[in-house]
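Just below is one structure, and these are the notes that go with it.
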Amino acid sequence: MSDNPIKSIIGPRESLRVMDSLRRGATRRDVLAMLMAGGMQATLAGSLAGMATVAHAQTPRRGGRIRVAAATAAATDTLDPAKQSNQNDYVRCNMVYNGLTSLDGSLTPQPALAEAFATTDAKTWVFTLRKGVTFHDGKALAPADVVFSLMRHKDPATASKAKALADQIESVKATGPNEVTVVLSMPNADLPVILGTFHFAIAKEGTTDFSTGIGTGPYKLKEFKPGVRTLVVRNDNYWKPGRPYLDEIEFVGIGDESARVNALLSGGMDLVASVNPRAVARVKSTPGYTIFTTQSGQYSDLVMRRDMAPGSSPDFVLAMKHLFDREQMKKNIALDYAVLANDQPIDPTNRFYFKDLPQRTFDLDKAKFHLQKSGVTGKVPVVTSPAAMYSTETALLLQQAGQRIGLDLDVKRMPADGYWSNHWLNSAVGFGNVNPRPSADALFTQFFKSDAAWNESRWKNPQFDQLLVAARGETDLAKRRQMYADMQTMVHNEAGIGIPLFLASIDGHSTKLKGLSPIPLGGLMGYSFAENVWLEA
C-alpha cells in the first residue's frame, strides 16, 4: 500500500507526519497524543491513531531475509524454465525469471514483460514488449530473447516439459523493435494464459547454461546447489517499481513433512510449503505462527498404466475407482481441506468444470464384479511416497477396501527423494501429484493428450486428441463447454487415473511474514510469493 486511509480525513501533510512518526518507532499512544495536541477531539483521534497503526503495519517494508522450504529437493533441480517439473523448480524460476504475462488470483492473464497483447482471430497474436527491462547482467530485453525462449520448447533436443503446449506454435518472429508476433497452427483463445505459466519464462537469447539463472526477475541468483539450496538477492533494477521487498531469500527442499513443520516452529524457517492438515492445529497454537490456505485444482491421483498389466484391463481400472471412499478420505485424510472429485481432472473452481457428470460412488459390489471380470489375481504392488500428497494414506484405505473383495494390494512406500525421477511414470500402479494448471486446455494437453510427456497412465484416445484441438479454437463458449464436458467424461470412463479429491494447499509461516494472498495455481501464492512478501518490523 503506497497510500493510507487517514489522508482523506486530515490531509496529505498531516498524514505523512503521522506515518513518518510510526516508521520512526512511534506507538499508537504517541500518535494519539500528537493528534490531540493539534486540537483533535479524543474519539476521532483515537480512531485515526488506530487506522494509522493498521495502515503502517500493512505497508510493505523493505529489507530482511527469509528462509523458505518447499516439499521437494533433488539432484535434478533446475533453473531451465523448460525443464521445471515440481514446486521447487517453479518457486526458483519465479524468483529469477518473468513471462510475457502473469496470472492473477482469478487466473486471468495480466501484462508482464509484454505490456500489451492483441489478436483478431485467436491465431495471430501481437505482443508489445515493455521498455526499460534489463536482464540481471545488464542486457536489455529484446524481441530476439522472446523468440529464442518460446521456440526452444518446440525443439525435441530441448526435452521441454511444455513441448505438448508449444507444438501449436507455428512461428515466433520479431515484427518491430519492441514487438513479437506469435502465429499458431490453429486458433487458441488461451494463448496469453499459457504464456503466463511456469515453463514459458523468458531467458536470454542463446542461453545454454541455465545454472546461472540470468533472467529479468525480482531476484538475482547468488548460489544454486541442486538438491541442497538456492540463495537469491534483491534485483535493484527490477522493472516493477518498489519490488521486491526482501534483501535475500534462502530456499531449500525438505521432503519430510514433519521435519518441515519442525523447522518452521523452531524458528529455522519463515515459510514452509505443503503442511499436512494434521499439523494445522499445532502450527496455529504456536505463538508467532499461522497457516495460509489455497483451494485449487491440485490433486493426488492413483495411476494405473493402461499399457501394462494390471491396468491394461479396463475392468481392473474400474474396480479400483469404485474402491475410493471419497467422503471418508475427505474427512479422515484431508481433514476437510479438500473438495470431492470424480475421476475428472477439471475442478469446481474452473469455468469448464462438468458438474453434471454422475458421481462415481464407493461400491464394493461393482468393484468385486469388475475385479473378477478382469481376471487379476495375486499381489498387486502399489507405489506410494510422501512426495505425492496423501498417497500412502489413500493406498492404505484402498488396501483395506480391497481385502473385502479379495484384492491383495501390496503398498510399497518410497522416500520423497528421487520419487519423481525414479518411480512416477515408471510404476504399473502408483501415485502422481498434479499441481493446478491455469486452464482446461493446459491440463488436458500436458497430462491426457496421447503423446504428452506426462500422460501418466499412457491412455491414448484419438477422439480425445481431436476434441482437444477443436476446443482451443472454438469461440462459442457453449460449444467449448460441451467439448470439455465430453473430454472429462472420457477421462472419467477410460483413463487409468483415479482422482478422489481436489486438495487445498496449506502453507505454514511466521506471522511476521506479510503479503501472501491466494493464487489458485498452487501453494506459496501460486509459487510466486518471492516478489510479494515482506517482513513486519
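The values are calculated or read from the model by the stated rules, or taken from the named source; none is laboratory data. Everything numeric here is computed off the predicted structure, so don't read it as measured data. Neighbour counts are summed over all protein chains in view; Cβ atoms, including those assigned to glycine, are modelled from backbone coordinates with ideal geometry. The area values use the complete protein model at the heavy-atom level, side chains included, leaving out ligands, DNA and RNA. Shrake-Rupley method; radii C 1.70, N 1.55, O 1.52, S 1.80 Å.
Tabulated results
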read-out	value
Computed helical MRE - 222 nm, the chain, DSSP H runs ≥ 4 contributing -39500 (n - 2.57), nearest 500	-8500 deg cm²/dmol
Global geometry of the range 87-208, whether rounded, prolate or oblate, following the gyration tensor of its Cα atoms and the 1.5 cut on a/c	rounded
Estimated D of the range 232-368 in µm² per second, where Rh is the Kirkwood radius over Cα pairs and Stokes-Einstein applies at 37 °C, 0.692 mPa s	173
For the range 322-377, alpha-carbon Rg relative to the globular expectation (2.2 N^0.38 Å, N residues)	1.37
Histogram of C-alpha separations across the range 495-537, 10 Å bin width, %	24, 43, 19, 10, 3, 0
Cα-based Kirkwood hydrodynamic radius, the range 57-139, one decimal, Å	16.0
Dipole in debye (nearest 20) - the range 126-248, about Cα centre, beta carbon charges: Lys, Arg +1; Asp, Glu -1	220
Largest-first principal axis extents, alpha carbons of the range 160-200, Å	30, 22, 19
Intensity falloff of the chain expressed as log10 I(q)/I(0), Debye formula with alpha-carbon point scatterers, at q = 0.08, 0.09, 0.12, 0.13 Å⁻¹	-0.57, -0.71, -1.16, -1.31
Accessible area (Å², 1.4 Å probe, nearest 10) - Glu393	70
Peptides ranked, highest mean first, by Cβ atoms within 10 Å: ranges 478-485, 424-431, 108-115, 359-366	424-431, 108-115, 478-485, 359-366
Relative intensity, log₁₀ I(q)/I(0), of the range 391-446 from a Debye sum that treats every alpha carbon as a point, q = 0.17 Å⁻¹	-0.72
Estimated dipole of the range 317-356 in Debye, rounded to 20 [Cβ of Lys and Arg +1, of Asp and Glu -1, Cα centre]	40
FRET efficiency, Thr511 to Gln403 (Cβ-Cβ, R0 41 Å, nearest 0.05)	0.35
Under the Debye formula (equal points on every Cα, no solvent term), log10 I(q)/I(0) of the range 346-435 at q = 0.13, 0.15, 0.19 Å⁻¹	-0.57, -0.74, -1.00
Rounded Å value of the spacing that divides the Cα centres of the range 439-511 and the range 68-87	23
For the range 176-237, convex hull of alpha carbons as volume per residue, Å³	153
Rough spin-label spacing in nm, given labels placed 7 Å along Cα→Cβ, for Thr208 and Phe369	6.2
Ratio of Rg to Rh over the range 222-269 (Cα coordinates, Kirkwood Rh, two decimals)	1.09
Semi-axis lengths (Å, descending) of the ellipsoid that matches the C-alpha gyration tensor of the range 151-306	35, 23, 16
Descending principal axes extents, the range 414-525, alpha-carbon based, whole Å	50, 37, 22
Translational diffusion coefficient (Stokes-Einstein; Kirkwood radius from C-alpha pairs) of the range 191-276 at 25 °C, 0.890 mPa s, in µm²/s	160
Convex hull volume per residue for the range 258-308, taking Cα atoms only, in Å³	116
Simple spin-label estimate for Thr76 and Glu115 in nanometres, 7 Å along Cα-Cβ	4.1
